[in-house]
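Everything below concerns the one structure shown next.
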Amino acid sequence: MTLPRIAAVAAAVLMAAMPVRAGAIEGTYRVEGKNPSEGSSYSGEAQIKQTGQTFAVIWRIGQLRQIGTGVVIDNVFSVVFQSIVPGRPAGRPGIAVFQIDNDQIRSGIWSTLGDDVTGQEVWTASDRH
């Protein structure tokens, strides 16, 4: 392998391992998901706002609202969340883990407390700050 090729490969590896810039993932995303137990699909949006070292996340899926707090380590965005439906008790807490690519949330999995299966979501940036 030639020296320029080695340098190019090394640069690509380093770029892939670089952590996300502060605030880079903020914005509104379109969400397409699949529920774990029945496999039904859903869509909606999620908003991310940096709040210091953490991120506030709000999902809007139909009448359902989920609020969460997220953290970023390298290119992984992890969020603890809870469902909120007006007039009902809060839902079980859950966790979601997403891949970050080019400073955007891409796809991930989620589950709620006590479940033994995971749901899936794909996020597409629609309004970035």
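The values are calculated or read from the model by the stated rules, or taken from the named source; none is laboratory data. What you see is a predicted model; the values in this text were computed from it and never measured. Note that we place each Cβ from the backbone using ideal geometry, even for glycine, and neighbour counts take in every protein chain shown.
Pairs only if they're at least six apart or on different chains, beta carbon under 6 angstrom, first in region 93-118 and within 16 Å of residue 29 (Cβ to Cβ), second of a type in the set (Asp, Glu) and part of a strand (DSSP E or B); list them, first residue then second.
Matching pairs, first to second residue: 108/121.
List pairs: first residue in region 37-52 and on the phi > 0 side of the Ramachandran plot, second residue of a type in the set (Val, Ile, Thr) and not in a strand (DSSP E or B) anywhere in the structure, Cβ distance under 9 angstrom, at least six positions apart or on different chains.
Within 9 Å, no pair qualifies.
Based on this model, can you work out whether residue 42 counts as in a strand (DSSP E or B), surrounded by fewer than 16 Cβ atoms within 10 Å (Cβ to Cβ) and not polar (S, T, N, Q)? Spell out how you get there, then give the answer.
On the way: in a strand (DSSP E or B): yes; surrounded by fewer than 16 Cβ atoms within 10 Å (Cβ to Cβ): yes; not polar (S, T, N, Q): yes.
Against the criterion (in a strand (DSSP E or B), surrounded by fewer than 16 Cβ atoms within 10 Å (Cβ to Cβ) and not polar (S, T, N, Q)), residue 42 qualifies.
In region 52-95, which residues are hydroxyl-bearing (Ser, Thr, Tyr) and at pLDDT 95 or above?
Our first condition is that a residue be hydroxyl-bearing (Ser, Thr, Tyr); within region 52-95, this holds for 54, 69, 78, 83.
Matches in region 52-95: 54, 69, 78.
Quick check on residue 48: is it out of contact with any Asp or Glu (no Cβ under 7 Å at 6 or more places or on another chain) and in a strand (DSSP E or B)?
Here the answer is no, as residue 48 does not meet what is asked.
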